[in-house]
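The structure under discussion appears below in the form of structure tokens.
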Amino acid sequence: MTTMGEPGSAQREADDAVTELYAAHWQRLVRLAWLLLHDAGEAEEVVQDAFVALHAHWSGLRDPAAGAAYLRRAVLNGARSALRHRGVKERWAASVRGGPDDPGARTGPSAEESAVAGLSRQSILAALGRLPTRQREVLILRYYLDLGEAQIADALDISPGSVKTHASRGLAALRSGTEWT
Amino acid sequence: MNDDERMVEALRGALDEQAALLEPGDRLDEILATARPSRSAWATSWWLPLAAAAAVVAVVTGVWLGLPDGSDPVPASSDLPLPTSSPLTSPSAGPTTTPSAGPTDSGAPSPTSTASTPAPTAGTPVALPVYYVATIGDDARMARLYREWLTVPGVTRQADDRLRARTAIELAMAAVPPGTDGYLRTWDGVELVDVAVTDSRITITLSGPGGTAFPEDTERVSVQQLVWTAQAAVGRGTIPVRFVLADGSEAIFGTQPVDRAYNRPASRDLYHYDLAPIWVNSPTRGQELGSGPVTVTGEAQVYEATVSWQLLREGDVLDEGFVTASDGAASRGTYEIDLGTLSPGAYAIRVYEPSAEDGEKVSAETTMPFSVR
């Protein structure tokens, strides 16, 4: 039954699609954003924005798989810009504090500790946090979302070859960063 | 397994458990309302201030490095230390026990074999988030949920969602996590009969309605305890939870009807209906930290976003102060307390909110024992 003032069929279709994609992907994407941002509120914001954008673009996608890929791209872009924004604020805060701005300085103990205690999750996460953005993104997409190379390449808008390179460099850096051997 | 494979395995585990620390709120309604220009008016009235608040969330330094001391926010199975003594009086016990579903108190329902039988394989037990009810401060009528991370041998990351849910609910109903006190035993006399999980519903069958000795709001929170626990264990978002009482009763505790679905609150800023205003997320209970600066992190939804803290050692206050959480009482924010470098020993961190009316009273608090080696 359609009456005046109700959303049109395209609108309803987008509502349905977003509702379905939400059920399938919301939690995992928020957690993906959380892994990238480490801020619960920001993570939900970024993923919510991605779903709202998906709704607006649904008529051009009309395919759940394409929708999921769209969401991943939007979340990664959103997280990256949130981090950039945060970087500005943090540099400002650091300059005010006069504190050290070198993440390595803060994480020294965990590397030291890992040598003693073996590989702790904390030391892995700390080492992951020290990686260049691309390497960190690739590793999280591969080992948290379990995406394949092609999907990662699509999500980050880079070539599959670069995915391979980032992944292997990232893993190598984690190994040395956590004093694995 | 070569080094690469071990690294990958460890990375997967670290990411999974870090991710599981976050229970996303439900925002479908906001998304749809925001996406529909014609209908957004009603939503923006309350939604936009929330978005604005989130935009100015204070960001702690160090994304991954908020815990620069080597403290681990996730109690992995092998290092989930559960002291056997009360955290309030003696935070000194080390990681001597393996958490199990077996409650030591008499009268508690026994966990089923699914929860307590060690698996023959060497699968790493997964840390299950389990929620418990306790009074939040000096007001005995105000009970809310706290979260513990518990592992059960045989319940691994590969366990199916039904086993995870069953185990977690049994722990929630029956167990007293070692090293805790003050958790209310609202489910005494009730047993978990069955859990069924589909994509659209979690159905929890209980043996009966249970007692009626608690305030009605505490009964409501007890039902929510199982809702949060089941949803977290299943890990697929806010799937509505239905209850069935095997004896045919119509309301849990006589007050919470079973002819409706239950869910966690629709958004993070409503979580205060269910969750205690102050949580300590790390260190985890009884965690043994390495050398280096100690940072306490947690969540708070308190007046003017200010939480007070005390560092305790054998009951004595070694240090104290207050910090500001990332958000005011309107939403649940995060806070971080830098304790500096501590000498080896047993400690407890008490995080609390003094009453706004009476500085003597405490309106919300929690204490977490840990040690430094």
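The values are calculated or read from the model by the stated rules, or taken from the named source; none is laboratory data. This one's a predicted model, so the numbers in the text were calculated from it and none came from an experiment. Note that we place each Cβ from the backbone using ideal geometry, even for glycine, and neighbour counts take in every protein chain shown. Side chains included, ligands, DNA and RNA excluded: accessible areas come from the protein's heavy atoms. Shrake-Rupley method; radii C 1.70, N 1.55, O 1.52, S 1.80 Å.
Counting only other chain Cβ atoms within 10 Å of each residue's Cβ, the peptide A:29-39 averages 6.
For a modelled paramagnetic label at B:Asp199, 7 Å from Cα along Cα-to-Cβ, the residues of the stretch A:41-69 in reach, with backbone nitrogen under 19 Å, are A:62-69.
The stretch between B:Glu5 and B:Ala140 holds 43.5 nm of extra length on full extension. This uses 0.36 nm per residue minus the Cα-Cα distance.
Note on A:135-144: average number of Cβ atoms from other chains within 10 Å of each residue's Cβ is 3. Let me make sure I get this right: for the stretch B:152-283, a, b and c are the square roots of the gyration tensor eigenvalues over alpha carbons, sorted descending. Under 1.5 in a/c it's rounded, otherwise prolate if a/b > b/c, else oblate. Which is it? Taking the square roots of the gyration eigenvalues as a ≥ b ≥ c, the stretch B:152-283 is rounded.
First measure r as the distance between the Cβ atoms of B:Glu304 and B:Arg242, then evaluate 1/(1 + (r/R0)^6) with R0 = 35 Å and state the FRET efficiency to the nearest 0.05.
Working from the Cβ atoms, E equals 0.35.
Between chain A and chain B, roughly 5700 Å² of accessible surface gets buried, counting both sides and using a 1.4 Å probe. Here the gap between A:Ser81 and A:Arg62, fully extended at 0.36 nm per residue and compared with their Cα-Cα distance, gives a gain of 4.1 nm. Placing R0 at 51 angstrom, the Cβ-Cβ distance between A:Ser168 and B:Glu357 gives a FRET efficiency of 0.25 after rounding to 0.05.
Label positions at B:Ser343 and B:Glu314, each projected 7 Å from the Cα along the C-beta direction, are separated by 1.1 nm.
One decimal place: the segment B:Asp160-B:Thr324 gains 55.0 nm when fully extended, by the rule 0.36 nm per residue minus the C-alpha distance. With all pairs of separate Cα atoms included, the stretch A:8-99 yields a Kirkwood hydrodynamic radius of 14.1 Å.
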